[in-house]
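A.B. asks: Starting off with a structure, shown below.
The values are calculated or read from the model by the stated rules, or taken from the named source; none is laboratory data. This is a predicted model, so every value here is computed, not measured. Backbone-built Cβ (ideal geometry, glycine too); neighbour counts: all protein chains shown. Calculation scope for accessible area: heavy atoms of the full protein, side chains included, ligands and nucleic acids excluded. Shrake-Rupley method; radii C 1.70, N 1.55, O 1.52, S 1.80 Å.
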Amino acid sequence: MRLVLTLAWATLVAGAAQAAPLTFEAALKLADHTAPSLQAKGADIAAARSSAMAAGRLPDPRLAVGLGNFPISGPPAGTFNGDSMTMATVGVTQDIPNAARRRADRERAAADIGAAENAQAVESRNVRLNTALAWIDLYYAKKRLAALDQVDKALAPLKSSAPSRIASGSARPSEALEPEQLTAALGDRRADLVAAVSKARAELVRWTGDAAADVTSDLPRYSIDPTGLRAGLDALPSLQAYEAMGRQADADVALAKAAKRPDWSWDVTYQLRDPMYGDMVSVGAAISLPLFGRTRQEPVIAARASSATRVRYEREATRRALAASLEADLADHAMHHDRLMRARTTLEPLAARKAQLETASYAAGTASLSEVLGAFLALAETKIDLLDREADVQRDAVRIVLTYESDAP
């Protein structure tokens, strides 16, 4: 029933998404409910929980039937009569593993569930991060295209003025070719940006499952707390995964140690004989004797203990790598923010001012058309570069928050 409701909700969300552009949060929620990789991890959890139901239980009993003491020589050979020992047997045997083995089996099953749940949490982070980056990429790809179209529109009056200036003799005939050259250059740039939009949309479709995926004009707002991020590293799913693997390894060690304790079994057999002799019942018990621990159980215990130690060393290595990666990402974010501020306060205003001045000089007859067109082309590239820098800052913020922020309260 829960699965049906989840699918119905996802269908409603997908229908709403197709009717309107996706907000940032709506894209993340849609990916959470439709990503096949997350559904696969959910199936792993269901499998682990189902397997845990059988963990630590007694094995199935065994039924045995047979024919005992059938004569093959002497006077009664080949017959069921005349021999008091000939009998048909039917029996039941039940193996009973020791309590430590059964307890360790249950602990391993519980650890498997925890590992499956943690793998889903890791994959959820991966899905949300990739969805967020795809959304940001599509947002800025569309903005770059719009910025180029805006500059191209502003150039229209200048392109149309070239023939009249040539006719009046105030411009060289070769200048008539320059608008076409600029148009071709802008066309090449526009083709690149159109392709970038298509690629970003395809990536967003991949993660959300919405074939008509588009973005709204509202950017996410993330605040970055370096101190809090550093303090919360140990609670990240990627490190908690090693905690789950450590519990699995400890359960394996316990299972290996349990092999040094004896298991036992009991059996009951009913023996059907000739009526003149009477039937019989046999009852018995058996116990295993782990007498050679030095060469059988102890090497396995040592191997499982080494595996548990390896998991702990790998966790520490991963933690150090995460800490270094966090510091590198914080440094990149600071650098990208500094570059953005420089472009926003200096480079873009200067490029716009230069285009204005060249336009004024062109109107006054002191600048050539090529100089004006070059200034506008430089302005277009500066605007696109400014958007590139904005995108870098946004991508940094999204990556840092969705990668390193702890889910713990």
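A.B. asks: Can you work out which of the residues in the stretch 269-296 that are closer than 30 Å to PHE80 by Cα, in contact with an Asp or Glu (Cβ under 8 Å, 6 or more places away or on another chain) and open to solvent by 60 Å² or more (accessible area, probe 1.4 Å) is modelled with the lowest pLDDT?
C.D. replies: Only one residue tops the list, namely LEU272.
A.B. asks: Criterion first (of a type outside the set (Gly, Ala, Ser), touching a Phe, Trp or Tyr at 6+ places or on another chain (Cβ under 8 Å) and within 24 Å of THR34 (Cα to Cα)) does PRO220 satisfy it?
C.D. replies: Numbers: of a type outside the set (Gly, Ala, Ser): yes; touching a Phe, Trp or Tyr at 6+ places or on another chain (Cβ under 8 Å): yes; within 24 Å of THR34 (Cα to Cα): yes.
Here the answer is yes, as PRO220 does meet what is asked.
A.B. asks: Related question: Can you name the residue in the stretch 82-103 that is among the polar types (S, T, N, Q) and part of a strand (DSSP E or B) and is also surrounded by the most Cβ atoms within 10 Å (Cβ to Cβ) among such residues? Before you say what the answer is, go through the steps one by one.
C.D. replies: So the first thing to find is which residues in the stretch 82-103 are among the polar types (S, T, N, Q), and the list is 84, 86, 89, 93-94, 98.
Filter once more, keeping what is part of a strand (DSSP E or B): 89, 93-94.
Values: THR89: 17, THR93: 15, GLN94: 14.
Across the stretch 82-103, the extreme among qualifying residues is THR89.
A.B. asks: With the structure loaded, tell me whether ALA360 is crowded, with 18+ Cβ neighbours inside 10 Å and part of a helix (DSSP H, G or I) or whether it fails that test.
C.D. replies: Numbers: crowded, with 18+ Cβ neighbours inside 10 Å: no; part of a helix (DSSP H, G or I): yes.
Criteria not met by ALA360.
A.B. asks: Could you list all residues from the stretch 42-61 that are of a type in the set (Lys, Arg) and either open to solvent by less than 40 Å² (accessible area, probe 1.4 Å) or assigned to a loop (DSSP other than H, G, I, E, B) (or both)?
C.D. replies: Step one: of the stretch 42-61, the residues of a type in the set (Lys, Arg) are 49, 57.
If the condition is that a residue be of a type in the set (Lys, Arg) and either open to solvent by less than 40 Å² (accessible area, probe 1.4 Å) or assigned to a loop (DSSP other than H, G, I, E, B) (or both), then ARG57 is the only one that fits.
A.B. asks: Now for a different question. Is there a residue in the stretch 384-399 that is without any contact (Cβ under 8 Å) to a residue 24 or more places away in the chain and either open to solvent by 50 Å² or more (accessible area, probe 1.4 Å) or closer than 30 Å to ALA121 by Cβ (or both)? Even if it seems obvious, please write down each step before you answer.
C.D. replies: From the stretch 384-399, those without any contact (Cβ under 8 Å) to a residue 24 or more places away in the chain are none; that's our starting set.
No - not one qualifying residue is present in the stretch 384-399.
A.B. asks: A further question follows. Could you list, in sequence order, all residues of the stretch 297-354 that are under 19 Å from THR403 (Cα atoms), of a type in the set (Lys, Arg) and surrounded by 13 or more Cβ atoms within 10 Å (Cβ to Cβ)?
C.D. replies: ARG315, ARG319
A.B. asks: Kindly check whether there is at least one residue in the stretch 356-368 that is of a type in the set (A, V, I, L, M) and under 25 Å from ASP137 (Cβ atoms). Before the answer, list the steps.
C.D. replies: Step one: list which residues in the stretch 356-368 are of a type in the set (A, V, I, L, M), which gives 357, 360, 363-364, 367.
With under 25 Å from ASP137 (Cβ atoms) added as a condition, the list becomes none.
No: zero hits.
A.B. asks: Further, regarding this structure: Scanning the stretch 191-239 for residues that are at pLDDT below 90 and among the hydrophobic types (A, V, I, L, M, F, W, C), which turns out least open to solvent (accessible area, probe 1.4 Å)?
C.D. replies: ALA213
A.B. asks: Kindly establish whether ALA64 is in contact (Cβ under 8 Å) with a residue 60 or more places away in the chain and open to solvent by less than 50 Å² (accessible area, probe 1.4 Å).
C.D. replies: On the way: in contact (Cβ under 8 Å) with a residue 60 or more places away in the chain: yes; open to solvent by less than 50 Å² (accessible area, probe 1.4 Å): no.
Answer is no for this residue.
A.B. asks: When the stretch 240-268 is examined, which residues are found to be without any contact (Cβ under 8 Å) to a residue 60 or more places away in the chain and open to solvent by 60 Å² or more (accessible area, probe 1.4 Å)? Even if it seems obvious, please write down each step before you answer.
C.D. replies: Keep residues of the stretch 240-268 that are without any contact (Cβ under 8 Å) to a residue 60 or more places away in the chain, which gives 253, 256, 260.
Hit for the stretch 240-268 is LYS260, nothing else.
A.B. asks: Select from the stretch 21-39 the residues that are part of a helix (DSSP H, G or I), touching a residue at least 24 places away in the same chain (Cβ under 8 Å), open to solvent by less than 60 Å² (accessible area, probe 1.4 Å) and not β-branched (Val, Ile, Thr) and list them in ascending order. Please lay out each step first, then the result.
C.D. replies: Residues of the stretch 21-39 that are part of a helix (DSSP H, G or I), as a first pass: 24-34, 36-39.
Those left that are additionally touching a residue at least 24 places away in the same chain (Cβ under 8 Å): 24-25, 27-28, 30-34, 37-38.
Keeping just the survivors that are open to solvent by less than 60 Å² (accessible area, probe 1.4 Å) gives 24, 27-28, 30-32, 34, 37-38.
Those that are part of a helix (DSSP H, G or I), touching a residue at least 24 places away in the same chain (Cβ under 8 Å), open to solvent by less than 60 Å² (accessible area, probe 1.4 Å) and not β-branched (Val, Ile, Thr): PHE24, ALA27, LEU28, LEU30, ALA31, ASP32, SER37, LEU38.
A.B. asks: Answer yes or no as to whether ARG344 is closer than 26 Å to ILE96 by Cβ and modelled with pLDDT under 95. Walk me through how you get there before you give the answer.
C.D. replies: Details: closer than 26 Å to ILE96 by Cβ: no; modelled with pLDDT under 95: yes.
Answer is no for this residue.
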